[in-house]
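Here's the structure we're looking at; comments come further down.
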Amino acid sequence: MSTVAPPPALATQALVAGYERDLPIVRGVDFQVAAGELVVILGPNGAGKSTLVKAIAGLVPIHSGHAFLAGADITRSPVQEKVRHGLAFVPQTENIFATLSIQENLQLAADILPRRVQAERIAEVCDLFPDLAARRSARAGNLSGGQRQMLAVARALIVKPSVLILDEPSAGLSPKIVGEVFARLKDINAAGITIVLVEQNVKAALAIAHRAVILVEGELRHEGPAATLAEDPIVAQLYLGAAPAGQEEGR
């Protein structure tokens, strides 16, 4: 007896998106992420990486094409509906409320849930981030860059998403802190949450990803296993701006 394969956790079909209809930034992207995958979106500056994930999350207009979450068409769904159906998005900036405490940040994120489960979900998330749990009354604006990023992720996890999208989570962080943030993302993925990650830190991202896709000028130009792409100098040279092997920097 044949079985029907489950739909991708996240997918786009011929997606065209951008801030102005006549100037699309994302140009007909077909993109799929299987349940349980950790996929990184790479590409040069201005390639449309952030615009793609913001369009999926509902923060940038989609002009044509479709976005799907577990097979359901979410192209025109309001942001709140996408969250309720299991999609969480962590933007690069303005992803926490700096004037509020850690506890208040988590409570605001939990307000979308039924009141009877809010305290339980906040407690569960705090178990994942003990450094935050120990300082729940601390003002979020006083946290380090790494702690702020952890808080942003914790806020996204409050609703138990099936898919977590992050836009440049390593931006502005030291290499050590990047390692800590990425290790935590790998743990979250291992717990069953599908992750899509936009990153400029190619080496660190490929080290934790299962697969990578490369956007250039708003189009998906290449994709493959992360381990394979990490060792492919031609891919690095053509799509990621690396210098050819043996060529001195600055020449």
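The values are calculated or read from the model by the stated rules, or taken from the named source; none is laboratory data. Just so you know, these numbers come straight off a predicted model, no measurement behind them. Cβ: placed from backbone, ideal geometry, glycine included. Neighbour counts: every protein chain shown.
The sole residue among 196, 153, 159, 181 that is of a type in the set (A, V, I, L, M), in a helix (DSSP H, G or I) and closer than 19 Å to residue 36 by Cβ is 153. Return the only residue of 158, 208, 188 being in contact (Cβ under 8 Å) with a residue 40 or more places away in the chain, within 20 Å of residue 49 (Cα to Cα) and aliphatic (A, V, I, L, M). Criteria check complete, one pass: 208. If you filter the stretch 113-144 down to residues that are closer than 15 Å to residue 159 by Cβ and in a loop (DSSP other than H, G, I, E, B), you find that the one that is farthest from the chain's Cα centre (by Cα) is 114. In the stretch 12-37, the residue that is surrounded by the fewest Cβ atoms within 10 Å (Cβ to Cβ) out of those that are closer than 16 Å to residue 89 by Cβ and modelled with pLDDT of 95 or more is 33. Taking residue 72 and the conditions (1) touching a helix residue (DSSP H, G or I) at 6+ places or on another chain (Cβ under 7 Å); (2) at pLDDT 95 or above, which numbered condition does it fall short on, given that it satisfies the others? Only one criterion in (1) touching a helix residue (DSSP H, G or I) at 6+ places or on another chain (Cβ under 7 Å); (2) at pLDDT 95 or above is unmet by residue 72, namely (1). Pairing each residue of the stretch 218-239 that is at positive phi with any residue that is surrounded by 15 or more Cβ atoms within 10 Å (Cβ to Cβ), provided the two are 6+ apart or on different chains, yields C-beta distances under 6 Å for 218/25; 218/26; 218/27; 218/48.
Checked against the criterion of being within 18 Å of residue 89 (Cβ to Cβ), more than 12 Å from the chain's Cα centre (by Cα) and not assigned by TED's automatic domain parsing to the domain that holds residue 119, the stretch 145-155 contains not a single residue that satisfies it.
Condition check ((1) closer than 17 Å to residue 226 by Cβ; (2) modelled with pLDDT under 95) across all residues:
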| site | (1), (2) |
| --- | --- |
| 159 | no, yes |
| 163 | no, no |
| 168 | no, yes |
| 173 | no, yes |
| 177 | no, yes |
| 183 | yes, yes |
| 189 | yes, no |
| 195 | yes, no |
| 200 | yes, yes |
